[in-house]
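> The following block contains the structure, expressed as structure tokens.
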Amino acid sequence: MKSTIRIVYIVLISLAAAVVAMAIAAIVLGILGASVTQTFKIILTEPLKDIVGITEILVRAIPLTLVSLGIAISFRSGILNIGAEGQIQMGVIAGAAVAIALPNMPKFLLVPLALLAGTIGGALWSFVPGYLRAVLGVNEILSTVMMNYIAVQFYGFLLRGPMIDPAELQVGSGTPQSVRLPRSAWIDRIIPGTRLHWGIAIALVLALVVYILLWRTTWGFRMRAAGASPKSARYAGINVERCLLMAMVLAGAFAGLAGAVEVTGVHRRAIEGISSNYGFSGVVVALFGGLHPAGIIPSAVFFGLLLVGADMTQRMISIPANMVLVLQGAVILSIISAKMLINDPYLYDRFARRFASGFFGPRRPKTPKEGGA
Amino acid sequence: MTNTKDKIYSLEAKGITKRFPGVLACDSIDLSIGENEILAIVGENGAGKTTLMNILMGLYQPDEGEIRINGRTVRFRTPNDAFAAGIGMVHQNFMLVPNMTVAENIALGSRDFHKFLRLDLAGAKKRIIEISERFGLPVQPDTYVWQLSVGEQQRVELIKTLCFGARFLILDEPTSALTPQETEELIVLLKRMAQEMSIIFISHKLAEVTALSDKVVILRHGRVVFSGTTSEQTPSGLAALMTGHEVVLPKNESSEECGDVCFELENVYAKSDRGYMALDGVSFSIRQGEILGLAGVSGNGQKELAEAIAGLRKIESGRINLFGKDLTNMRPRERIDQGLGYIPEDRNSEGIVPSFSVKENFILKDFASPDFANGPFLKLKNGEQKAVELKEKFDIRCPSVTTPAGALSGGNIQKVILARELARNPKVLIAVYPTRGLDMGAEEYIHKKLLEMRSQGTAILLISEELEEIMNLSDRIAVIYKGKILRILTSREASMRSIGLLMAGITEPMAMEAGQ
């Protein structure tokens, strides 16, 4: 019976957290002068109405999953990677460069090679803050964010200079984008007429790999121990610094891979804004998914839905798609508050007493109150 | 606030019962404290002391039972209710901001000193001086908390509670972080304070209980097993009541010759975190099957010594040898592989990974060995099997081996660490404050295990500030003072008195003799 109360408690607090997140978003929508119910209805249902909408959700869930898997590894290992945005762009550059440079290579070689190049590009970009943290103790939150700025500028420079499509310069408008990747570098689409591509299989397989890595291998054990209690890990002979570096490099590799998958699977050329904030959204997705692959997949789909839905509100009722960022912020706040409340033994005790007396004893005048988020 | 300034001349708890999932934490507990009395509540870890105090403080509501103050039934729904009724609690872990002054810390916690957009520091200082004079608690309101010793910080906690208007004190294991000298001072102080108010004092150090309290209540498994006048009890009698069996702390009585020297420090120098020389030429050696006790007031280089041996602190010069092998430049992992075992000082943050399961903590040092891993893949079944075995063998009380280790009681966490280290059959074991904060039952168990290891030939370095522990277990006793080993005595030469003087840094033979 006690465990029933516990479940009710957790469910109520989670619901309260969701309500609070919605309420915050509602307030912002109210300020914008939009219809709150209509906006939510569009965001949450409109994308699910046809196959294009559904596949578009998945198309966004693919990079979100990949980025979040890497972020889960880094967060679990005690190093916070906020630099996925830059690492994605490095992955795009490296993947696209390899694909463009080797147009005559057969597809079965070029696709893996481009993806590998992207992975390495992201990993190298995260190696720098990882090394700085492990060896010199430089705060990784600062350094990864700073590396994002460098990546944005570097990416913009390449697309306007060395990597720009020559046709744009001669006959086009000078749009900063690369040439189209050779067909042999494309990840195939699964359903004709939609953009859903086989990158989804890569994401699913890697989710399993990350689970095995973290919970079934000695490397994962080491990294999780280093993240959960660095001092104890050191006493147990674990080289915590090496774990931090490795976790950061893996996180960058996943983000870089996400970038390469995005460029070879969706856009097929390097364009501006290709990272679409996936690097930051990935942090939210990872936290919302409990830093566990089994949670990250549904969480990525959910945020994919929000992203597609927000696009639709922009088109249908002119609510800016950036509203989705407000939602993300509200979700982070409410997750953190909900976790604190769920782990508060005193509040739980109070709830359990009210709950038990409300159902099994004399009813009290006050209704059960779960505290809110 | 209904902060009536009436004196609390009686507090009673009647039939307090509190259930948690699967546990009856308090089982109709009765207690009563009269005017100016000191009541000690004793019990092993997990006996229900803390839950009972949380109920008195309004953090938990009892399932049954009631609390009466001055004969009137009260209900505490929140800690503020308890506080308004005049009950003040000093927690085991101090709740002070280190980079603020004493006055700022006190002004911070009380509405009385919150003026519009600023703190009324002058008012706070006035109240502090008033209280400190009235109770004889000397304290400088303008010193920063980080500059104070642990004993002084506790005094600040007491003053804080009194400044907020407490007329009844609850102290949760107040001596667990104090040195023996500070403990004596605290006992004198509390006796003086008892002339003005009643005090509840939670402890499992029975010598303090008999020295300080008028009445004692003993809890076991959530029940009152004894309630009566302290003066009729001896510490060992209380220990028997507390644990349910006769407690005899084992002694190192065997006089078997120890083996060869196997562990040696030669002239080790190491710096502290603040950059001064914390180890100032430390040399000693331990033989197989020998316990070397390292006595000393904490903060004299023990932490740095332990870290230097584990390989977590760089040494400036000197050598560390294990069976003739030079460990000095080895990584922590290599030292472990050479047979170095370790029971760290802070069991929660250095000994276990709290969020890991008991099972995972057992293999924290061996997860990559062929017993528990096949290449990079963990053999989860072997880990599980080993864990069940160790849980049984070391009598670790936990719902299952998948419970997070951080959820266990202090004594059980220490058993997890002990089980892990002993199962690895170390050649040398460094035990740092191995029984700090543990109850007598757990202490007895750990002492027994250390002596068992000794008779199996392990060399043990026992770092402790409990003289009794050192005297009971050691073959030889070294005394550390300001980073230097002042003297190494055999257990026959050593007396409480001589070690105590050395711990205070007094080495002159004159003083030693005068003391004896």
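Read the figures in this text as sums done on the coordinates, not as results from a lab. From a predicted model like this one, the values you see are computed outputs, not experimental measurements. Please note: Cβ atoms are built from the backbone with ideal geometry, for glycine as well, and neighbour counts cover all protein chains shown.
> Label points 7 Å out from Cα along the Cβ direction at B:ARG319 and B:ASP6: separation in nm?
7.6 nm
> Now a separate question. What FRET efficiency do you get for B:ARG111 and B:ALA504 if R0 is 41 Å and r is their Cβ-Cβ distance, rounded to the nearest 0.05?
On the way: r = 44 Å, r/R0 = 1.06.
Between B:ARG111 and B:ALA504 the formula returns 0.40.
> Take the Cα atoms of the range B:162-229, build their convex hull, and give its volume per residue in Å³.
On the way: hull volume 7.5 nm³, N = 68.
With only Cα atoms used, the range B:162-229 gives 110 Å³ per residue.
> Counting other Cβ atoms within 10 Å of each Cβ, which trypsin sites (Lys or Arg not before Pro) in the range B:313-342 have at most 13 and sit in a DSSP loop?
Details: sites: B:ARG313, B:LYS314, B:ARG319, B:LYS325, B:ARG333, B:ARG335; in loops: B:ARG313, B:LYS314.
The qualifying sites are B:LYS314.
> Right, next: In peptide B:343-351, how many Cβ atoms from other protein chains are near each Cβ within 10 Å, on average? Spell out each step's value before the answer.
Values: counts 1, 5, 0, 3, 1, 3, 5, 7, 5.
Shielding by partners across B:343-351 averages 3.
> From the square roots a ≥ b ≥ c of the eigenvalues of the alpha-carbon gyration tensor of the range B:93-166, which class results: rounded (a/c under 1.5), prolate (a/b over b/c), or oblate? Intermediate results must be reported in sequence, preceding the final value.
Values: a/c = 1.65, a/b = 1.23, b/c = 1.35.
Taking the square roots of the gyration eigenvalues as a ≥ b ≥ c, the range B:93-166 is oblate.
> To the nearest 500 deg cm²/dmol, what mean residue ellipticity at 222 nm is calculated for chain A from DSSP H runs of n ≥ 4 alone, each contributing -39,500 (n - 2.57), summed and divided by the residues?
Value at 222 nm, helices only, nearest 500: -24000 deg cm²/dmol.
> Where the centroid of each part is defined by its Cα atoms, how far is the range A:334-353 from the range A:46-87 in Å?
29 Å
> So, one more: For chain B, the longest stretch holding no chymotrypsin sites (Phe, Trp or Tyr not before Pro) located in a DSSP loop with at most 10 other Cβ atoms within 10 Å is which?
Between the exposed loop sites, the longest stretch runs B:277-516.
> Find the relative contact order for chain A and round it to a whole percent, using C-alpha pairs within less than 8 Å whose residues are 6+ positions apart. The partial results should precede the final answer.
Working: 632 pairs, mean separation 124.2, N = 373.
The normalised contact order for chain A reaches 33 percent.
> Relative contact order for chain B: what percent, with Cα pairs under 8 Å and sequence separation of 6 or more?
Values: 995 pairs, mean separation 75.6, N = 516.
Reported relative contact order: 15 percent.
> Within 10 Å of each Cβ in peptide A:222-234, how many partner chain Cβ atoms are there on average? Round it to a whole number, please.
Values: counts 2, 0, 4, 7, 1, 2, 8, 13, 2, 8, 15, 4, 8.
Average per residue, whole number: 6.
> What would the Debye equation give as log₁₀ I(q)/I(0) for chain B at q = 0.11, 0.12, 0.13 Å⁻¹, counting only Cα atoms as equal point scatterers?
-1.07, -1.23, -1.36
> To the nearest whole percent, what portion of all C-alpha pairs in the range A:61-302 is separated by more than 23 angstrom? Could the numbers behind the result be given before it?
Working: 13759 of 29161 pairs.
Taking all Cα-Cα pairs of the range A:61-302, the fraction more than 23 Å apart is 47 percent.
> Same structure, new question: Go ahead and estimate [θ] at 222 nm for chain B from helices alone: -39,500 (n - 2.57) per DSSP H run with n ≥ 4, summed, over the residue count, rounded to 500. Write out the running numbers ahead of the final one.
Working: 17 runs with 167 residues, N = 516.
Taking each H run of at least 4 residues, the total per residue is -9500 deg cm²/dmol.
> Another question, if that's okay. List, in order, the whole-Hz ³J(HN,Hα) value for each residue of the range A:7-16 obtained from phi through the Karplus relation with A = 6.51, B = -1.76, C = 1.60 and θ = phi - 60°; use x for Gly and Pro.
Result, rounded to whole Hz: 5, 4, 4, 5, 4, 4, 5, 5, 4, 4.
> Once each part is reduced to its C-alpha centroid, what is the distance from the range B:48-108 to the range A:186-210 in angstrom?
58 Å
> Taking 0.36 nm per residue of sequence separation and subtracting the Cα-Cα distance, how much length would be gained by fully extending the chain between B:ASN99 and B:ASP346, in nm to one decimal? Don't skip to the end; give the middle numbers.
Working: separation 247, 0.36 × 247 = 88.92 nm, distance 2.29 nm.
Here the answer is 86.6 nm.
> Can I ask one more? Taking H placed 1.01 Å from N in the peptide plane, check which residues at least 5 places from B:ALA278 or on another chain put their amide H under 5 Å from its amide H.
B:ALA270, B:LYS271, B:SER272
> Could you line up B:SER369, B:SER285, A:SER318 from fewest to most neighbouring Cβ atoms inside 10 Å?
Ordered from fewest to most neighbouring Cβ atoms within 10 Å, B:SER369, B:SER285, A:SER318 come out as A:SER318, B:SER369, B:SER285.
> Report relative contact order for the range B:93-166 in percent, whole number only (criteria: Cα-Cα under 8 Å, sequence separation at least 6). Walk me through the numbers before you get to the answer.
Numbers: 75 pairs, mean separation 29.3, N = 74.
That works out to 40 percent.
> OK, next. Would any residue of the range B:367-395 have its amide N under 18 Å from a label point 7 Å out along Cα→Cβ of A:LEU208? List them or say none.
Answer for this model: B:377-378.
> Now, a different point. As an exercise, use a Förster radius of 41 Å and the Cβ-Cβ distance of B:ARG223 and B:THR402 to find the FRET efficiency, rounded to the nearest 0.05.
Working: r = 29 Å, r/R0 = 0.72.
Computed FRET efficiency for B:ARG223 and B:THR402: 0.90.
> So, one more: Report the gain in length on full extension from B:GLU196 to B:GLU246: 0.36 nm times residue separation, minus Cα-Cα distance, nm rounded to one decimal. Spell out each step's value before the answer.
Working: separation 50, 0.36 × 50 = 18.00 nm, distance 3.69 nm.
Computed gain between B:GLU196 and B:GLU246 is 14.3 nm.
> So how do A:291-300, A:162-171 stack up, highest first, on mean other-Cβ count within 10 Å?
A:291-300, A:162-171
> Assuming R0 = 51 Å, what is the FRET efficiency of A:ILE27 and B:ARG487, from their Cβ-Cβ distance, to the nearest 0.05? Display every interim value, and only then the final one.
Numbers: r = 72 Å, r/R0 = 1.41.
E(calc), rounded to 0.05, equals 0.10.
> Taking amide H atoms as placed 1.01 Å from N in the peptide plane, list the residues 5 or more away in sequence, or in a different chain, whose amide H sits under 5 Å from that of B:ARG487.
Counting only residues 5 or more places away or on other chains, the set is B:VAL479.
> Shifting gears a bit: List, largest first, the extents of the alpha carbons of the protein assembly as shown along their principal axes, each in whole Å.
103, 75, 54
> I would also like to ask the following. Take peptide B:304-312, look around each residue's Cβ out to 10 angstrom, count Cβ atoms belonging to other protein chains, and average those counts. Could the numbers behind the result be given before it?
Numbers: counts 0, 0, 1, 2, 0, 0, 3, 3, 3.
Mean shielding by partner chains, rounded to a whole number: 1.
> Can you tell me the length gained on complete extension of the stretch A:ASP50 to A:LYS339, counting 0.36 nm per residue apart and subtracting the Cα distance? Display every interim value, and only then the final one.
On the way: separation 289, 0.36 × 289 = 104.04 nm, distance 3.55 nm.
Additional length available on full extension: 100.5 nm.
> Where in the range B:135-178 does the amide nitrogen come within less than 20 Å of the point 7 Å from the Cα of B:ARG72, taken along Cα to Cβ?
B:165-169
> Compute the distance from the alpha-carbon center of the range B:295-331 to that of the range A:1-25, in whole Å.
After rounding, the separation between the Cα centres reads 51 Å.
> Further, regarding this structure: Within 10 Å of each candidate Cβ there may be at most 13 other Cβ atoms; applying that plus a DSSP loop requirement, which trypsin sites (Lys or Arg not before Pro) in the range B:407-516 survive? Show your work: numbers first, answer last.
Working: sites: B:LYS415, B:ARG420, B:ARG424, B:LYS427, B:ARG436, B:LYS448, B:LYS449, B:ARG454, B:ARG476, B:LYS482, B:LYS484, B:ARG487, B:ARG492, B:ARG497; in loops: B:ARG424, B:LYS427, B:ARG436, B:LYS482, B:ARG492.
Passing both the DSSP loop test and the Cβ count: B:ARG492.
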